[in-house]
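Visitor: Please see the structure below; I have some questions.
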């Protein structure tokens, strides 16, 4: 008799809880659909100007002026891109892109070297005032970069680096944001590995290159991607330190194009130049997509 009561009670409990679960799952589905709808709307808002810019580069100047806003051109032409590639004097877009590739690649490689060694020093080496120095530099880095423009230019001018790639390669190598990421990631590596290596007679140099460096490769890739994109997209600083048209990176060159192609004279060529300028970073995103996702996860899960 008691067993029957227990069975009936358990049956009644499952019956009473089942509608609650169904209601909860229904709410989850609605919230998921709303999230998808929001993402679709945001994506459309972002994509429409990009698509319009790409299609505008395939329009004639007459169509740009007369047709107004039209997502797809009436007649597709490639004359704008032919004119862009043929202009190697006032707007050498391919030379600018090559300059940006060289600057961003060299800057990224040097950043990886600097932040890996610096991160090792702040986590594995013990010296007086280590943490105070780190957090002081971290606090200083919160000041806006525009504060350092005049002192930085004075230093670059004194070194004779104006109109040279070094004006963009060297500044920012020891960015505290990247050093912070490497330091926090490196703190998660057990120090017992270092102690075991020291027992075997390994020096700090050997420990860094053979033990620590292979383990921090994920965070170095993430910082390298951020550094490359940041160097490529830097706008204000190259406009200040470059006056030679042939030596400019692509961001400073695009500003110059407003005088060459702007004022509604050659809108198609202006948009075509902008499209060519984003192709390298677009290819980088496609080939390194998983590392960008890893960067988001790394920033979200960083330990204090």
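Visitor: Conditions: (1) assigned to a loop (DSSP other than H, G, I, E, B); (2) at pLDDT 85 or above. Residue 37 meets all but one. Number of the miss?
Guide: Result: residue 37 fails condition (1) only.
Listed here are the residues, each with its yes/no results for (1) touching a helix residue (DSSP H, G or I) at 6+ places or on another chain (Cβ under 6 Å); (2) at pLDDT 85 or above; (3) surrounded by fewer than 10 Cβ atoms within 10 Å (Cβ to Cβ); (4) under 30 Å from residue 238 (Cα atoms).
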| position | (1), (2), (3), (4) |
| --- | --- |
| 15 | no, no, yes, no |
| 56 | yes, yes, no, yes |
| 65 | no, no, no, no |
| 76 | no, yes, no, no |
| 89 | no, no, yes, yes |
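Visitor: Could you check residue 80 against (1) more than 30 Å from the chain's Cα centre (by Cα); (2) within 25 Å of residue 245 (Cβ to Cβ) and say which number it fails?
Guide: Of the numbered conditions (1) more than 30 Å from the chain's Cα centre (by Cα); (2) within 25 Å of residue 245 (Cβ to Cβ), the odd one out for residue 80 is (1).
Visitor: Condition check: in the same structural domain as residue 182 (by TED's automatic domain parsing), exposed (fewer than 12 other Cβ atoms within 10 Å of the Cβ), modelled with pLDDT of 85 or more and closer than 30 Å to residue 177 by Cα. Does residue 132 satisfy that? Explain how you work it out, then say what you get.
Guide: On the way: in the same structural domain as residue 182 (by TED's automatic domain parsing): yes; exposed (fewer than 12 other Cβ atoms within 10 Å of the Cβ): yes; modelled with pLDDT of 85 or more: yes; closer than 30 Å to residue 177 by Cα: yes.
Yes: the conditions hold for residue 132.
Visitor: Would you mind telling me which numbered condition in (1) within 24 Å of residue 131 (Cβ to Cβ); (2) touching a helix residue (DSSP H, G or I) at 6+ places or on another chain (Cβ under 7 Å); (3) surrounded by fewer than 20 Cβ atoms within 10 Å (Cβ to Cβ); (4) touching a residue at least 24 places away in the same chain (Cβ under 8 Å) residue 191 fails?
Guide: (2)
Visitor: Follow-up. If residue 65 meets every condition in (1) in contact (Cβ under 8 Å) with a residue 40 or more places away in the chain; (2) assigned to a helix (DSSP H, G or I); (3) in the same structural domain as residue 230 (by TED's automatic domain parsing) apart from one, which number is that one?
Guide: (3)
Visitor: Does residue 148 satisfy the condition of being within 21 Å of the chain's Cα centre (by Cα), assigned by TED's automatic domain parsing to the domain that holds residue 251 and part of a helix (DSSP H, G or I)? Before you say what the answer is, go through the steps one by one.
Guide: Working: within 21 Å of the chain's Cα centre (by Cα): no; assigned by TED's automatic domain parsing to the domain that holds residue 251: yes; part of a helix (DSSP H, G or I): yes.
Judged against the criteria, residue 148 is not a match.
Visitor: Are there any pairs, at least 6 apart or on different chains, whose C-beta atoms fall under 6 Å, with the first in segment 201-226 and without any contact (Cβ under 8 Å) to a residue 40 or more places away in the chain and the second assigned to a loop (DSSP other than H, G, I, E, B), and if so, which?
Guide: 215/189
Visitor: Moving on. State yes or no: is residue 274 under 29 Å from residue 61 (Cα atoms) and either in contact with a helix residue (DSSP H, G or I) (Cβ under 9 Å, 6 or more places away or on another chain) or not in a helix (DSSP H, G or I) (or both)?
Guide: Yes; evaluated as a whole, the condition is true for this residue.
Visitor: Then there's this: Enumerate the helices (runs of 4 or more DSSP H) found wholly within segment 199-263, keeping only those where 2 or more residues are touching a helix residue (DSSP H, G or I) at 6+ places or on another chain (Cβ under 6 Å) and either modelled with pLDDT of 90 or more or surrounded by 14 or more Cβ atoms within 10 Å (Cβ to Cβ) (or both). Please lay out each step first, then the result.
Guide: Numbers: elements: 204-207, 217-233, 236-241, 250-260.
Output list reads 217-233, 236-241, 250-260.
Visitor: Hey, could you check segment 282-304 for residues that are buried (at least 16 other Cβ atoms within 10 Å of the Cβ) and within 22 Å of residue 99 (Cβ to Cβ) and say which is modelled with the lowest pLDDT?
Guide: By that ranking, first place goes to 288.
The values are calculated or read from the model by the stated rules, or taken from the named source; none is laboratory data. What you see is a predicted model; the values in this text were computed from it and never measured. Virtual Cβ from ideal backbone geometry, glycine too; neighbours counted across all protein chains shown.
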